[in-house]
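Down below is the structure, laid out as structure tokens.
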């Protein structure tokens, strides 16, 4: 048991580059697998949380742009959403990586300042940008759909009360949209976390073997030639993560719907949406 | 002849060079790999649909063990990233098959199959046998990939179909019961014919997702379009007959456009199918269609 504690000490933060440099190669124990894969989960959580948090705002802007009457706003938003929803995330990762690699190594001169570019090719930045854009497109489509299904009566009631413009949007339209979109958005969040496992399999190199949960799982499967231990461990971690996301989003969902009588409150239903 | 031929690309310039470059043997293999993707789609879609169908039926079965299997199958893809299954299923299947053959073909082999970090079966149990030609090794790899896709997408299809089966109005099934039909007859004659309209939007969605999942073939070691895009796009020195800098970004841009085209095409086809299935249905879509035709 104490040796397992040592393993946790050595490899608990290995995915961030803290602790033992060299990954276990021979006589791999179950404890080592659980610890290292768990430390890889830190990356999945990092990518998922940041992409979702930033994507939420951009998605709102995109949804509004898509609903706008002016074609100058609508067309670009539609094109953006189509490109990111219509192509595989896997290809988007590759394309982004190859494009970022082409940036000049020495940085870009900009008003006498030199902008460093090399960090963009690292997974923590490059892949995060792709995930951010991708989840923005998917969420924007969800938000736009919800905006289109805001009941007419709500808008008319607002009109009757003399609520118009920004305050109508902020107090009537947007909260209703969010409430209607929330179950689908929960799904999006879950599958964004799942999509983060693609990062280190798609061009972005795992610098100094700092990878995510699936990266370490496939490392172990390769080393032990036994897929029946490491993959179920990742699966277990992700089930826990999924349950946590459902709990958190379910709490928000209850808050968003707290003014409604019980029977009319929408319940979260998890539908698979998978690979993007 | 003033213009050079493809045999001597160094003398070529501009479009002629590009034309020759894009028709090299390697590029032909790249184009053929698009066929691999389409083949995967053509084989996987019906397989996944069949598996999904069985899964959905099993999750409604009266028999408890069968129902548990069905429910587990439909639930497994909800919490766990599908890529885990894509990596897991081919190896697991490969080892499972080899182990079975090992037990059958070499019963007197006493040493354990798993030895430390190794998985050893007797030579006669290897799949495919080491003496078989290369083409069969590739076909076996492709078959494992198809199996992985079918299992994962079967689970997704099972979700869609189970939802569609639940969406068939209860009254329809109760009427059939009142007519004295057996459970099996109800399923065959009432439930299955009626569920398709409810299933179509979900299945259409699934088809789009399946298209977008095809680049994952690369992860399974199949020489697919991603493999060739990386291979052909990487910088070529003057040791090659067509030297060029790192062009991978252009190749991936081409792949992106290919997928966008596939998505657009599918969207158009699916919306047509939905329209024709909605004809004569007592749903909102059918009603809209009736009104449009009457006007």
For A:177, A:148, B:76, order by how many other beta-carbon atoms lie within 10 Å, fewest first:
A:148, B:76, A:177
C-alpha long axis of helix B:82-105 to longest principal axis of chain B, angle in °:
90
If I take R0 = 56 Å and measure r between the Cβ atoms of residue A:166 and residue B:118 in this structure, what FRET efficiency does the formula 1/(1 + (r/R0)^6) give, to the nearest 0.05?
0.25
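If R₀ is 60 angstrom, what is the calculated FRET efficiency for the pair residue B:241 and residue A:30, using the beta carbon separation as r and rounding to 0.05? Working shown, then result.
Values: r = 53 Å, r/R0 = 0.88.
Given R0 = 60 Å and the Cβ-Cβ separation, E is 0.70.
Using only DSSP helix segments of four residues or longer, with each worth -39500 (n - 2.57), what per-residue ellipticity at 222 nm results for chain B after dividing by its residue count and rounding to 500? Numbers along the way, then the final one.
On the way: 10 runs with 199 residues, N = 295.
Roughly -23000 deg cm²/dmol at 222 nm, from the helical runs in chain B.
Based on other C-beta atoms within 10 Å, arrange B:231, B:223 from fewest to most. Before the final figure, lay out the partial values.
Working: B:231 14, B:223 18.
Taking fewest neighbouring Cβ atoms as first place, the list is B:231, B:223.
On alpha-carbon atoms, Rg over Rh for segment A:138-179 using Kirkwood Rh?
On the way: Rg = 10.5 Å, Rh = 10.5 Å.
Looking at segment A:138-179, the ratio lands at 1.00.
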Could you work out, for chain B, what percent of all Cα-Cα pairs fall into each 10 Å distance bin, beginning at 0 Å and stopping at the bin that holds the largest distance?
5, 19, 23, 22, 16, 10, 4, 1, 0
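To the nearest 0.05, what FRET efficiency results for residue B:196 and residue B:267 with a Förster distance of 30 Å applied to their C-beta separation?
Details: r = 19 Å, r/R0 = 0.65.
Rounded to the nearest 0.05, the efficiency is 0.95.
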Using only Cα atoms, find the angle between the long axis of helix B:134-167 and the longest principal axis of chain B, and express it within 0 to 90 degrees, rounded to the nearest 10.
30
What is the packing order of peptides B:145-152, B:55-62, taking the mean over residues of other C-beta atoms within 10 Å and listing the highest first?
B:145-152, B:55-62
Give me the angle, in degrees from 0 to 90, between the Cα long axis of helix A:123-148 and the longest principal axis of the Cα atoms of chain A, rounded to the nearest 10.
30
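Any read-out appearing in this document is the output of simple, stated calculations on the displayed coordinates, not a laboratory observation. Please read all numbers here as calculations on a predicted model, not as lab measurements. Here Cβ is always computed from backbone atoms with ideal geometry, including for glycine, and neighbour counts include all displayed protein chains.
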